[in-house]
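A.B. asks: Structure in structure tokens, see below.
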Amino acid sequence: MNEFSETPPSPEALVPNVFEMAPIRETGAFKVGEFIVQAYDHLVSSLDRWCNSYFEQNGLDPTDEILEVIGYHMIELAKNAYENSEEGGRVTMEIVDDSVHVIVEDNGPGFDPIEAQGESRGGGYALAEAIGWADSITIETCGKLYSKPKRTLKLTGTSEVTTGSRVTFTKKFR
């Protein structure tokens, strides 16, 4: 579909647990599946609607405080992936038992998570806050694996992700 729309896709179109972000840089738009969304501002509202629809589909109340915060962190991680990659990225959400797993992937240049973890926004939803709030988080970038054994991120091994990054964020909601 080559038409542009000023409104985000309907929740029914976003129910799968994977949200693809494919920017069309020359027009300032991005593509969600076959739907092209005009303007970056709709990325946040589209992600929010998708997240809420996915929670509802799985019998969860998206207004639950913990689920709302999971959604905020997911949106922030996805925005970072979108902003740092020429090809956009992918967000996958899975509910397993009493935990939500969010995986955000992109093909950007990669980054230093240790340095980024120090870039707090003072109570917001930046990477530093996601690292502190998540029950577990791993970041794979530039062939390295970082994880959070306690409250801060540490280099813990190697990764097959050598281009871009993959952030896996897990939080219990019950």
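A.B. asks: At GLU83 and ILE66, where each label point lies 7 Å from the Cα along Cα→Cβ, what is the point-to-point distance in nanometres?
C.D. replies: In this crude label model, GLU83 to ILE66 measures out at 2.9 nm.
A.B. asks: Can you tally the net charge around CYS142? Count Lys and Arg as +1, Asp and Glu as -1, for every other residue whose Cβ sits under 13 Å from the Cβ of CYS142. Could you put the intermediate results ahead of the total?
C.D. replies: On the way: positive: LYS144, ARG166; negative: ASP106, ASP112, GLU115, GLU140, GLU160.
Neighbour charge sum, excluding CYS142 itself: -3.
A.B. asks: Next up: Please state the shape class of the stretch 82-174: rounded when a/c is under 1.5, otherwise prolate if a/b exceeds b/c and oblate if not, all from the C-alpha gyration tensor. Walk me through the numbers on the way to the answer.
C.D. replies: Values: a/c = 1.40, a/b = 1.22, b/c = 1.15.
Taking the square roots of the gyration eigenvalues as a ≥ b ≥ c, the stretch 82-174 is rounded.
Only the coordinates and a few stated rules stand behind these numbers; no lab work does. None of these values were measured; they are calculated from a predicted model. All Cβ positions, glycine included, derive from the backbone under ideal geometry; neighbour counts span all protein chains shown.
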